[in-house]
Structure formats: C-alpha cells, structure tokens
Amino acid sequence: MMAQDRENSQILSKMEKQKLLYGAKAEDVEFAAEEADRDDLEALDRAQEADKRQLQEIIKKQ
C-alpha cells in the first residue's frame with residue numbers, strides 16, 4: 001500500500017500551488033456585507049489572514 005501511495009503522490013510546484021489557491025478563491029460564493037453579522041466579518045478576517053500565511057509558506061519553500 002505504501003508503494004502505491006508514493007506512486008500516486010505528486011509534489012506540486014510553486015506555480016501549481018498558486019493556481020490551486022487562486023482557483024479555490026474563485027469559487028462562486030457571494031458575500032453580502034449588508035447581511036453579514038459579526039461572526040461573518042470575523043470569519044472573513046481569519047480567511048484573509050490564512051491566505052496570507054499560506055502564500056508566505058509557498059514563497060518560503062521556493
């Protein structure tokens with residue numbers, strides 16, 4: 001089973017990771033600020049900070 005896992009695994013390049021990240025950000029999700037409550041705004045802030053950390057990690061690995 002381990003050999004099969006290694007055969008199917010793939011190490012992504014920086015560009016491939018960025019494409020995946022940007023593709024995920026392009027999901028068809030609508031944010032309505034006028035309908036957002038405090039929890040929604042906090043979640044938005046956390047998501048933006050997580051995106052920054054993830055991009056920093058991708059850049060560090062290159």
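The values are calculated or read from the model by the stated rules, or taken from the named source; none is laboratory data. Values in this document were obtained by computation on a predicted structure and should not be read as measured data. Please note: Cβ atoms are built from the backbone with ideal geometry, for glycine as well, and neighbour counts cover all protein chains shown.
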Original post:
Which residue pairs have Cβ atoms closer than 7 Å, lie 6 or more positions apart in sequence or on different chains, and pair a first residue in the stretch 1-20 that is closer than 24 Å to GLU57 by Cα with a second residue that is modelled with pLDDT under 75 and assigned to a loop (DSSP other than H, G, I, E, B)?
Top reply: LYS14/GLN62
Original post:
Of the residues that sit in the stretch 34-62 and are hydrophobic (A, V, I, L, M, F, W, C) and at pLDDT below 85, which one is surrounded by the fewest Cβ atoms within 10 Å (Cβ to Cβ)?
Top reply: ILE59
**OP:** Kindly indicate whether any position in the stretch 20-28 is exposed (fewer than 10 other Cβ atoms within 10 Å of the Cβ) and at pLDDT 80 or above.
**Re:** no
